[in-house]
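Below you'll find the structure, written out as structure tokens, and then a few comments.
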Amino acid sequence: MHFTEPLYRNPYWPTWPLIQITQGCTHNSCKFCTMYKGVPFRMQPMEWLEEDLKELRSMMPHAKTIQLLSANRWH
């Protein structure tokens, strides 16, 4: 699996498998948030995503839900 720090897992879904889609945050200027300070935004390479999905399928073939990691997932 391809992960870069910092890595934050949602505590409400502790057993769901993880896929990191982006690193950092495109905005990264919120006064209340320091989660990705100093982490430049970038997309994970498509090859990494494909490899991670194949690995997840082999490790957890019956998984129905995965967590998409890093900032800007809902924009």
Sites matching chymotrypsin sites (Phe, Trp or Tyr not before Pro) across the stretch 18-59 that sit in DSSP coil, with at most 16 neighbouring C-beta atoms within 10 Å: F32, F41
Helix axis angle, 46-59 relative to the chain longest principal axis, alpha carbon, degrees: 40
Can you list, largest first and rounded to whole Å, the semi-axes you get for the chain by taking the square root of 5 times each eigenvalue of its Cα gyration tensor? 24, 14, 9
May I ask for the percentage of alpha-carbon pairs in the stretch 18-60 that lie more than 13 Å from each other? 59
Given H placed 1.01 Å from N in the peptide plane, which residues other than close sequence neighbours of Q67 have an amide H under 5 Å from its amide H? L18, I19
Taking R0 as 30 Å, what's the FRET efficiency between T34 and L68 from their Cβ-Cβ distance, rounded to 0.05? 0.90
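Laboratory data are not the source of any read-out in this text; all were calculated from the coordinates shown. As the structure is a prediction and not an experimental result, all values here were calculated from the model. Note that we place each Cβ from the backbone using ideal geometry, even for glycine, and neighbour counts take in every protein chain shown.
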